[in-house]
Amino acid sequence: MKKLSQLAIPYMIWAALMILLPMILIALYAFTTQGNSIVSFSFTLAHFKKFFTDPDFLLVLWRSISIAIKTTIICVLLGYPIAYFIARSSDRLRNILVLVITLPMWINMLVRTYAWIGLLSDGGIIQTILKWTGLYHGQLLYSEGAVLLGMVYNFIPFMILQINTALCKMDKSLLEASADLGANKIQTFIKVTFPLSLSGVVSGIALVFLPAVSSFFIPKLLGGGQYFLIGNVIENQFITVGEWNFGSAISLIIAAIMMVCMYAIRKIDERNSGGSQKL
């Protein structure tokens, strides 16, 4: 036990330097006046007041939460059938499909997002196909739809893998018992499969919603600077405007929202786990 605790010391030092110290600095900047001086600073709540009293910032916050919710819903609706198909496949095919899902994740997310600029731009492959079929003739790039597409594309693998893991870990004898009791496939799915896979759905929601609500480079690239989310506001405060104190305050607000969401997701997961055990 003592040896294990000693092995954890490097990780604790790394966590303190890379996680704890930056959070302390962000909190210090958020609750102090402009000037960035650690020696002479004064406590203030003006940065938080500025955020919550400005309709423009609240609109951006709502837009960020809204697109994160849309992204999460689409990822669930698309990811669950894909994960279900993978889980029901043979071992060899399952491994191939999981590799196909994870293969794009080997490439940097920024590079993958850049690729969508060429696909969605005027004269790109997607726009050309849509024009030929007569389905759409407008601009695809630099719109909410482009940002939403980029979000779903980048985050849906997390949803699929989490749901697939939950489905693969499910006790197959429960499905056989359901069939023996006279339930058809639809009834078995509703009463057995879906409740037992909810833990994977909840985990997938956490892995999609939390990064989506704070994403900044996807709306920056695919939105062309015309579709601002809260992540872009924070980036703008630190890099362009230079108001580190206000940017830190917004970061703390988003961190608080994320912690509340994580707590709620954890409670839902615990409740579903209890329900699954009763099954």
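May I ask you to order 112-120, 140-148 by the average number of other C-beta atoms within 10 Å around their residues, highest value first? All intermediate terms of the calculation are to be shown ahead of the outcome.
Details: 112-120: 15.9, 140-148: 19.4.
Averaged packing, sorted descending, gives the order 140-148, 112-120.
With the Cα gyration tensor of region 167-279 giving a ≥ b ≥ c as the square roots of its eigenvalues, does the rule (a/c under 1.5 for rounded; else a/b larger than b/c for prolate; else oblate) give rounded, prolate or oblate? Please report the intermediate quantities before stating the final value.
Numbers: a/c = 5.61, a/b = 2.77, b/c = 2.02.
The shape class here is prolate.
Using a Gaussian network model of the chain with C-alpha springs under 10 Å, which one of Gly138, Gly223, Gly79 is most mobile by mean-square fluctuation?
Highest fluctuation among the options: Gly138.
For the chain, what is the charge dipole size about the Cα centre, in debye to the nearest 20, if Lys and Arg each add +1 at the Cβ and Asp and Glu each add -1 at the Cβ?
Values: 20 positive and 12 negative charges, 136 e Å.
So the magnitude is around 660 debye.
Can you list the residues, at least 5 places off or on another chain, whose amide H is less than 5 Å from the amide H of Thr32, using H built in the peptide plane?
Excluding prolines and chain starts, which carry no amide H, the hits are Thr44.
May I ask for the distance between the Cα centers of region 102-160 and region 7-34, given as a whole number of Å?
Using only Cα atoms, the two centres lie 36 Å from each other.
Helix check for the chain. Which DSSP H runs span at least 20 Å along their own axis by Cα, with a mean Kyte-Doolittle hydropathy no less than 0.5?
What comes out of the filter, once short or polar helices are dropped, is 55-88, 144-168, 194-214.
Within region 69-95, list the residues whose amide N lies under 17 Å from a label point set 7 Å along Cα→Cβ of Ile126.
70-72, 74-75, 78-79
Between Trp62, Trp132, Trp244, find the one with the highest GNM mean-square fluctuation for the chain; connect C-alpha pairs within less than 10 Å.
Between Trp62, Trp132, Trp244, it is Trp132 that shows the largest mean-square fluctuation.
Please report how many Lys pairs in the chain have alpha carbons closer than 23 angstrom, counting only residues at least 8 apart along the chain or sitting on separate chains.
13
Using the Cα centre of region 45-100 as the reference point, and only Cβ charges (+1 on K/R, -1 on D/E), how large is the resulting charge dipole? Debye, rounded to the nearest 20.
Its charge dipole is roughly 120 debye.
Give the residue from Ala87, Tyr29, His137 lying farthest towards the positive end of the charge dipole for region 4-137; charges sit on Cβ (+1 for Lys and Arg, -1 for Asp and Glu) and the dipole is referred to the Cα centre.
Farthest towards the positive end: Ala87.
Let a ≥ b ≥ c be the square roots of the eigenvalues of the Cα gyration tensor of region 1-147; is it rounded (a/c under 1.5), or, if not, prolate (a/b larger than b/c) or oblate?
oblate
Along the charge dipole of the chain, pointing to its positive end and built from +1/-1 on Cβ of Lys, Arg, Asp and Glu, which listed residue (Asn236, Ile156, Ser203) has its Cα farthest out?
Farthest towards the positive pole: Ser203.
Given the Cα-Cα distance of Ala179 and Met12 and 0.36 nm per residue of separation, how much length would full extension add, in nm?
So the chain would gain 55.1 nm between Ala179 and Met12.
Pick from Ala27, Ala249, Ala16: which is most flexible by mean-square fluctuation in a GNM of the chain where alpha carbon atoms under 10 Å apart are linked?
Judging by the Gaussian network model, the answer is Ala16.
Please report, in debye to the nearest 20, how large the charge dipole of region 188-276 is about its Cα centre when each Lys and Arg carries +1 at its beta carbon and each Asp and Glu carries -1 there.
320
Once you have a ≥ b ≥ c as the square roots of the Cα gyration tensor eigenvalues for the chain, tell me rounded if a/c is under 1.5, and otherwise prolate or oblate according to whether a/b is larger than b/c.
Cα axes put the chain in the oblate bin.
Throughout, read-outs are computed from the coordinates displayed, never taken from laboratory work. Bear in mind the structure is a predicted one, so any value in this text is a computation, not a measurement. FYI the Cβ positions are ideal-geometry reconstructions off the backbone, even for glycines, and counts take in every protein chain you see.
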